[in-house]
Amino acid sequence: MRRRSSKPPHVALTIETSKVYGREILRGITRYIRSHEPWSIYTSERGQDDPDPPWLAKWQGDGIITRSLDMAWCRVAQRRGIAVVSLRHLVEKPDFPTIFPDQDKIVSRVVSHFRERGFENFGYIGVDGNRGWERLRRQAFLRFAGQPGVNIAIRPQLVKPGLGWEEEEEQLAAWIATLPKPIGVMVNHDTQGIQLLDACRRAGTRVPDEVSVVSVDNDPVLCEIAAVPLSSLNQQVQLVGFRAAELLARMMQGRKVEAKNYFTEPGEVVVRQSSDVIAVDDERLAKAIRFARQNACTLKGVEEVARASGMSRRALEKKFTERIGRTPLEEIHLARFHRVKQLLLETDYTLSQITELSGFKYQEYLVRFFRNRSGMTPGEFRRKTRFGL
């Protein structure tokens, strides 16, 4: 059956509405449509693994953006000339253009978050099944966390299938007891984080002092309902939706788009109580690190950090270099850099406002500072990470 040629294009969105990941994808698609030509949209309330509507097999539409589990009807539609973009299965040689957040960058940011807090022990919890995105994430974790003298604990899945809730928690609590401490543990989604934090509570393990937990997805409802508010990386999934709509529009215009994996820029770790800790056993050093981070945008110099911690500048410099591998000034600059990125990602403040809030005297200083650390100007970073441009 021939494709529909009328305007506007007819597009089916088979994307779950039950989870924040799918809803944020839909927000990104909406952003694209609002800034380009309108589409006639099919969508419905869906769970993550709900079957696709069977009418797709005979549908005379123009395009599909999908998070389908089996992709069967999407393959039928593709053979009939309908453009398809997939956001579900990350495989080496995909049948469709496929878009995911960059797994290496996700892991790099979580591991850096732990390292900045002084952790030398790292844990990782996988997911059930052979999932391409999780395999890449686990491999990246071993690369980024694996250094001489570092202890790594890998748990392939949270718990064995078929157990009841209480048995699962007992199993997890027993595993937590075997971990070297203090340890930073990365989990793959927020419900895993909730379960791990509850197991820590049952095991009498202090969070974040003994076990620090960071998840991925940053669903605010799930993160706040956890036994301890859960730190979680924001994957910037709206950008996935925006890019998917962009690629689909090209395909519906008859332009060639290669069937391969496309990766988007993820966001940062949103810090909550589960990882808000300084994992060093030197009380004065921990005090200095905390003071530097909390006051990075107003400090006049390293001497203020030394006074606040009760150390000479020379002693402070020595402790920083030996224990966390960077100088006090580098720590201040790192905290200021994170603050600038947060303001660029989470607010619509002008560059002038961000300059003032991050403690720079002139915009030119801020732009040079940011470019030296990110390779981009603040404006380029904001356009790339928030708007996919």
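The values are calculated or read from the model by the stated rules, or taken from the named source; none is laboratory data. Nothing here was measured: the structure is a model prediction, and the numbers come from that model. In this analysis, Cβ positions are derived from the backbone assuming ideal geometry, glycine residues included, and neighbour counts consider all displayed protein chains. Areas reflect the complete protein model, heavy atoms only, side chains present, ligands, DNA and RNA absent. Shrake-Rupley method; radii C 1.70, N 1.55, O 1.52, S 1.80 Å.
Scanning the range 155-193 for residues that are under 25 Å from residue 144 (Cα atoms) and open to solvent by 40 Å² or more (accessible area, probe 1.4 Å) yields 156, 157, 177, 178, 180, 181, 182, 189, 191. Among residues of the range 311-331 that are modelled with pLDDT of 90 or more, those with a Cβ under 7 angstrom from a residue that is open to solvent by 60 Å² or more (accessible area, probe 1.4 Å), sequence gap 6+ or separate chain, pair up as 311/284; 313/303; 327/321.
Of everything in the range 68-116 that is crowded, with 19+ Cβ neighbours inside 10 Å and small (Gly, Ala, Ser), the residue that is nearest to residue 137 (Cα to Cα) is 86.
Note on the range 253-285: among residues that are in contact with a Pro (Cβ under 6 Å, 6 or more places away or on another chain) and of a type in the set (Gly, Ala, Ser), the one that is surrounded by the most Cβ atoms within 10 Å (Cβ to Cβ) is 275. Within the range 9-25, residues that are more than 21 Å from residue 36 (Cα to Cα) and in a helix (DSSP H, G or I) reach partners that are among the charged types (D, E, K, R) and open to solvent by 30 Å² or more (accessible area, probe 1.4 Å) with beta carbons closer than 8 Å, at six or more positions or on different chains, in the pairs 20/217; 21/217.
Do we have residue 49 as part of a loop (DSSP other than H, G, I, E, B), over 25 Å from residue 256 (Cβ atoms), open to solvent by 20 Å² or more (accessible area, probe 1.4 Å) and at pLDDT below 90 here? It is false that residue 49 is part of a loop (DSSP other than H, G, I, E, B), over 25 Å from residue 256 (Cβ atoms), open to solvent by 20 Å² or more (accessible area, probe 1.4 Å) and at pLDDT below 90. Exposed (fewer than 13 other Cβ atoms within 10 Å of the Cβ), more than 21 Å from residue 265 (Cβ to Cβ) and among the aromatic types (Phe, Trp, Tyr) - does that describe any residue in the range 317-333? No, every residue in the range 317-333 fails to be exposed (fewer than 13 other Cβ atoms within 10 Å of the Cβ), more than 21 Å from residue 265 (Cβ to Cβ) and among the aromatic types (Phe, Trp, Tyr).
Residues of the range 83-98 that are at pLDDT below 95 and among the aliphatic types (A, V, I, L, M): 90, 91. If you go through the range 371-389 and keep only what is free of Cβ contacts under 8 Å to residues at least 40 places away in the same chain, closer than 24 Å to residue 237 by Cβ and surrounded by 13 or more Cβ atoms within 10 Å (Cβ to Cβ), you end up with 374, 376, 378, 380, 382, 383. For the range 346-360, the candidate set comprises residues that are open to solvent by less than 30 Å² (accessible area, probe 1.4 Å) and in contact (Cβ under 8 Å) with a residue 12 or more places away in the chain; within that set, the residue that is nearest to residue 271 (Cα to Cα) is 358. Being under 30 Å from residue 77 (Cα atoms) and in contact (Cβ under 8 Å) with a residue 12 or more places away in the chain is the requirement here; does residue 201 meet it? So residue 201 fails the test. Any residue at all in the range 338-345 that's open to solvent by less than 60 Å² (accessible area, probe 1.4 Å), in contact (Cβ under 8 Å) with a residue 60 or more places away in the chain and closer than 27 Å to residue 147 by Cβ? Yes; the residues of the range 338-345 include at least one that is open to solvent by less than 60 Å² (accessible area, probe 1.4 Å), in contact (Cβ under 8 Å) with a residue 60 or more places away in the chain and closer than 27 Å to residue 147 by Cβ. State all residues of the range 57-72 that are in contact with a helix residue (DSSP H, G or I) (Cβ under 7 Å, 6 or more places away or on another chain) and modelled with pLDDT of 90 or more; if no residue qualifies, say none. Listed by number, the residues that qualify are 59, 62, 63, 64, 65, 66, 67, 68.
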